[in-house]
Amino acid sequence: MTHHMELNLSVSIFLSLSLCYFLHSAFARGGLQSHDSIFPPEFFGNTTYNGHARRLFEKNQSNKSVDVAEGYMTNSELEAAIKAFGKRCSNISRIYSIGKSVNGVPLWVIEISDKPGEEEAEPAFKYIGNVHGDEPVGRELLMLLANWICDNYLKDQLATLIVERTHLHILPSMNPDGYSLRQRGNANNVDLNRNFPDQFFSMNEDASAREPETRAIMEWSSQIHFTASASLHGGALVANYPWDGSQDKRQIYYACPDDETFRFLASVYSRFHHNMSLSNEFPGGITNGAFWYPIYGGMQDWNYIHGDCFELTLEISDNKWPPAHELATLWKYNKMSMLNLVVSLVQTGVHGRIFSSDSGRPLPGTITIEGVNHTVKTNRVFADYHRLLTPGGRYKVMATVPGYKSKTTNIWLEKSAMTVDFVLDPEVTPNGNLLRSACECNCGRLNRYEFESFFRGAHFEVYAILILVLGFLCFLFQRRIKYNLSKQRQLGPKRPVAL
C-alpha cells in the first residue's frame, strides 16, 4: 500500500509540474511598452525564425455558461453601435452591408477614409472580427478601434495617416449567428475558416454550397481590391501567416512566395503588441500556419491567392471568451499593433501607377518582383498598385500590360515606402499598327466608379443639354425617314442606280 501511495504521489507531482509548464507556455506575459513613433529604427533589425511545435485545440471550446457574454454587445447592440458611429463620424466614414448570415443578420462594415465610398489611388485594408462565434474579443476591439480613429483624427499622427492615406474597412462580426449560439461555427455549425476554396485539395469549389458568410466575403473581395487584411481570433497569442496548409498535410514550415514580407507584417503586429513578441512558445510572437498546425479551406490563403491581399490571422487573446472587464486591457495591449499594421501599407513597400506613353491614360496591369512567384494586379480605375515588400532590400520591379512593352526598374527599398510610376510604350506590329490593351478596347464601357465620377463632374449640366438636343434631333430624323418611306410607297419603287 505504501509503495502504491508513493507511486501515486510521484505521478501527481509529475502531472503538476507538467501542468505548470503547460500553463506558463500558454500564458506568457511581458512588459513591452507601446511605441510613440510609427516605426522606430530598431524595428527593422533582422528577425530569425526558430520553429516551435504547438498543440491544436480543434474541439469546440465555447463556454455554455449563461453569463459568458455578460458585458459584451449583443448583435442588435452591435448593429446600433455601428449605425451610431456612422452618424457621429459621417465626415470620415460610411456604413454598408456585404450580405447576411444564415439567420438573416446583416454583416455590417464600417469604412473609414477622408473620401469614404470613393475610388482613390490609395491602398485598402480590411479587419474582420468574430470569424468563430466563440471568439468575440475581435468584434469589441474593432469597435474601439473605429471610435478611437474618429476621436483622434487630426489630433494623432496615426489616426490622421490612416484616414487620409488609406481606406480602412472594418467588419466587426463575420459570424453573428455563431456568437448568438455561443459556438465556433455559424448557424449551420460550419467552421467559416474552413469554408473557402483550397489550393491543395479540391474542396468548397461549389459556390452554391458555401455558407452565405463565406460568399459575402468572397464577393466583397471581388468588389474592392484590398492590399492587406487581418482577421482577429482568440485562444492563443501569435501573428499567423501563410501558408496555412501544406501539400502533403504534414506539419512543416510551408512558405508562400512572399514569406519574407509576411514575416515582416506579422512582426509589425507582434512587436507593437504589449507582450506578443516575448512569447516563449512562438519566437518573435509569429508563426507560419502550416508549421503551427495545417488547416485547409482557410480565409487567409484564399485572400493571398485570389485577391492579391496579404492577410494575417491574429490570435489576440489566450482566452477565447475572457470576462468583459478584461476588454479594456486587451484593447490597450492590441491598440498600437492594430494601428501600425494599417499604417504599414503606406510606410513600406513600393507604390505607383501605370500609364500609356501615347495617350497618358492609366493602364490596368500587373506588377512582378523578380524572384517572387506572385504577381499583384493594379486597381481598375487609376491603375495604381501597392506592392508590400520587406524594407532594406534590393528589388527588380516589372510592370506588364497586354499590348504594351513591359518595363523593369531596380530599386533599393530602405525603411520608408517608395513611389515608382511606369510609362509604357505600345507594342508595334510588323505592319506598323499599334496593339491596344484590353482596357483600351473596352473604353466604351464605363465601370461603376467612372460612371459615378462622370455624374459628379462639374460639366454634367452641359452634357445633359447636349444629350437632350441630340435625342430631339434623332427623333426628328426618324420622323423624316418614316415620312420619306411612306412617300416612296405611294410613288412606287425607284429604279436602281449604278455607282
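Take the conditions of a type in the set (Gly, Ala, Ser) and either outside any loop (DSSP other than H, G, I, E, B) or under 17 Å from the mean Cα position of the chain (by Cα) (or both) and apply them to Gly71. Does it pass? Considered against the rule, which asks whether it is of a type in the set (Gly, Ala, Ser) and either outside any loop (DSSP other than H, G, I, E, B) or under 17 Å from the mean Cα position of the chain (by Cα) (or both), Gly71 comes out as no.
In the set Ser208, Ser180, only one residue is at pLDDT below 95, surrounded by fewer than 24 Cβ atoms within 10 Å (Cβ to Cβ), of a type in the set (S, T, N, Q) and within 19 Å of Lys100 (Cβ to Cβ); that residue is Ser208.
Is at least one residue of region 186-195 touching a Ser or Thr at 6+ places or on another chain (Cβ under 6 Å), more than 22 Å from Ile82 (Cα to Cα) and not in a helix (DSSP H, G or I)? Yes: one or more hits. All conditions in (1) closer than 23 Å to Phe196 by Cα; (2) not aromatic (Phe, Trp, Tyr); (3) not in a helix (DSSP H, G or I) hold for Asn319, with the sole exception of (1).
Summed over region 199-214, the residues that are in contact (Cβ under 8 Å) with a residue 24 or more places away in the chain, under 22 Å from Asn130 (Cα atoms) and part of a loop (DSSP other than H, G, I, E, B) give a count of 2. Test Arg139 against the stated conditions and say whether it is in the same structural domain as Gln223 (by TED's automatic domain parsing) and either within 28 Å of Lys377 (Cβ to Cβ) or assigned to a loop (DSSP other than H, G, I, E, B) (or both). For Arg139, the condition - in the same structural domain as Gln223 (by TED's automatic domain parsing) and either within 28 Å of Lys377 (Cβ to Cβ) or assigned to a loop (DSSP other than H, G, I, E, B) (or both) - is not met. Right, Asp177: among the acidic types (Asp, Glu), assigned by TED's automatic domain parsing to the domain that holds Ser317 and over 21 Å from Leu345 (Cα atoms) or not? The answer is yes for Asp177. Taking the residues in region 397-417 that are surrounded by 18 or more Cβ atoms within 10 Å (Cβ to Cβ) and farther than 14 Å from Thr378 by Cα as candidates, determine which candidate is nearest to the chain's Cα centre (by Cα). Ranking the candidates gives Ala417 first. Among the residues making up region 397-414, those that are farther than 16 Å from Thr348 by Cα and in a strand (DSSP E or B) are Met398, Ala399, Thr400, Tyr404, Lys407, Thr408, Thr409, Asn410.
Screening region 344-389 for residues that are more than 26 Å from Leu158 (Cβ to Cβ) and among the acidic types (Asp, Glu) and picking the one that is modelled with the highest pLDDT gives Glu370. Screening Asn147 with (1) more than 23 Å from Trp302 (Cα to Cα); (2) modelled with pLDDT under 95; (3) not basic (Lys, Arg) gives one miss only, at (2).
The values are calculated or read from the model by the stated rules, or taken from the named source; none is laboratory data. Keep in mind that what you see is a predicted model, and the values were worked out from it rather than measured. Because the Cβ atoms are built from the backbone with ideal geometry, glycine has one as well, and the counts that use them run over all protein chains shown.
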